[in-house]
Amino acid sequence: MNTALVTAYVNPDLDGVAGAIGYAEFLNKTGFVCEAGFIGQIHDEVKYIIDRFGFSFPKLIANTDDYEQICLVDASDLNGLGGKILPEKVIDIIDHRQIHEANKFPNAKVQIELVGAAATLVAEKFIQNNLKISKESATLIFSAIVSNTLNFKGTVTTDRDKKAAAWVNQTANLTDSFWKDLFTAKSDLSGEKLLERVKGDFAHFIFGNKKIGIAQIEMIGAKKLVESRGEEIIKILKQIKTELKLDFIFQNTIELEETKNFFITDDASTKIMLEKILNLKFLGDIAERPNLIMRKQIVPLIKEELEKTDNNL
Ligand SMILES: [Mn+2]
């Protein structure tokens with residue numbers, strides 16, 4: 001029998017990689033033979049963890065032709081899979097998004113729960129089954145939870161994330177200041193890195209007959225970035241808007257140290273929509289908002305707004 005594949009969405013972030021590697025370890029330990037593998041480019045944040053701890057680079061695959069069965073972690077919508085994974089092959093989905101398309105995977109057992117990180121759901125499986133976790137999976141999962149919950153300060157954070165993180169950290173042994181290293185590492189957006197990051201962490205959604213694209217950057221020093229390089233960001237967004245034929249587009253820039261968001265767009269109807277659903281005010285092309293709100297929390301609000309029959313945006 002073929003080995004099964006455990007993977008995340010195409011161009012996976014730390015949560016996807018950590019979740020898939022951890023889940024593959026869990027499944028193998030419970031007798032289901034599988035391996036973790038990823039399509040596309042792995043986010044820089046993952047590379048930072050791999051380099052820092054000397055882990056081997058995750059297996060990269062061009063397609064899923066060699067696998068009959070696929071388990072998805074941190075992914076449950078077709079857009080995110082970029083046409084690279086046949087929905088019929090997916091037997092298992094573990095995700096944490098309110099807006100998803102799990103119903104488009106006819107053979108999948110689905111676990112979707114609104115915790116801060118998909119990696120939390122994976123850690124819980126080890127806890128529930130009283131299984132040991134490797135140092136590598138524990139380190140990746142701890143990092144993913146810290147990253148996805150914005151060091152437990154994002155409003156997506158749940159007690160389950162905190163408990164799972166504390167449990168894996170008994171094995172990972174990371175210090176209290178680790179979060180700052182992680183976020184500092186991904187705050188270097190000098191030169192071309194800005195363009196790569198905006199494109200690398202871009203997602204788009206279709207609600208009704210409207211297409212919306214959202215870039216997201218989590219960093220220390222967001223204010224300075226949007227002030228000094230706002231025009232470049234807008235130029236990139238305009239390009240993407242044309243390429244993908246989007247109706248709305250913006251960037252959610254998350255400032256971790258000062259816990260606020262900076263929204264940036266020069267698109268008039270996007271500004272009107274964001275002002276309405278997020279209760280904020282644009283000054284020029286930038287709007288500031290206190291607290292940390294993430295794309296996965298904004299998407300349901302946009303969906304609701306766009307699906308109102310009386311909307312005339
Ligand atoms: Mn995630």
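The values are calculated or read from the model by the stated rules, or taken from the named source; none is laboratory data. Just so it is clear, the structure is predicted and the values come from calculations on it, not from any experiment. Cβ sites come from the backbone with ideal geometry, for glycine too, and all protein chains shown count toward neighbours. Side chains are part of the model used for accessible areas, which takes the heavy atoms of the whole protein and leaves out ligands, DNA and RNA. Shrake-Rupley method; radii C 1.70, N 1.55, O 1.52, S 1.80 Å.
Numbers at a glance
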{"quantity": "Filter result (within 28 Å of Gln41 (Cβ to Cβ) and assigned to a helix (DSSP H, G or I)) within the stretch 84-132", "calculated": "Pro87, Glu88, Lys89, Ala102, Lys104, Ala118, Ala119, Thr120, Leu121, Val122, Ala123, Lys125"}
{"quantity": "Residue that is nearest to the ligand (Cβ to nearest atom) [pool: residues in the stretch 18-56 that are under 17 Å from the mean Cα position of the chain (by Cα), part of a loop (DSSP other than H, G, I, E, B) and of a type in the set (A, V, I, L, M, F, W, C)]", "calculated": "Ile42"}
{"quantity": "Subset of the stretch 57-83 that is open to solvent by less than 20 Å² (accessible area, probe 1.4 Å) and within 19 Å of the chain's Cα centre (by Cα) - its residue that is farthest from Ile99 (Cα to Cα)", "calculated": "Pro58"}
{"quantity": "Selection within the stretch 153-168 - open to solvent by 60 Å² or more (accessible area, probe 1.4 Å) and within 19 Å of Glu45 (Cα to Cα)", "calculated": "Lys153"}
{"quantity": "Qualifying position, being within 16 Å of the ligand (Cβ to nearest atom), at pLDDT below 95 and of a type in the set (D, E, K, R), among Asp15, Asp77", "calculated": "Asp77"}
{"quantity": "Count - residues of the stretch 99-117 that are farther than 18 Å from Asp159 by Cα, within 15 Å of the ligand (Cβ to nearest atom) and surrounded by fewer than 16 Cβ atoms within 10 Å (Cβ to Cβ)", "calculated": "1"}
{"quantity": "Filtered residue count, the stretch 89-131, keeping only those that are among the basic types (Lys, Arg) and either without any contact (Cβ under 8 Å) to a residue 60 or more places away in the chain or not assigned by TED's automatic domain parsing to the domain that holds Ala8 (or both)", "calculated": "3"}
{"quantity": "Selection count, the stretch 196-210, where residues are open to solvent by less than 60 Å² (accessible area, probe 1.4 Å) and either under 19 Å from the mean Cα position of the chain (by Cα) or in the same structural domain as Ala144 (by TED's automatic domain parsing) (or both)", "calculated": "8"}
{"quantity": "Tally, over the stretch 236-271, of residues that are outside any strand (DSSP E or B), over 17 Å from Gly284 (Cβ atoms) and not charged (D, E, K, R)", "calculated": "8"}
{"quantity": "Pair list, Cβ < 7 Å and 6+ apart or interchain, from the stretch 249-268 residues that are crowded, with 20+ Cβ neighbours inside 10 Å to residues that are among the small types (Gly, Ala, Ser)", "calculated": "Ile249/Gly213; Gln251/Ala215; Thr253/Ala222; Ile254/Ala222; Glu255/Ala222; Phe262/Ala222; Phe263/Ala287; Ile264/Gly230"}
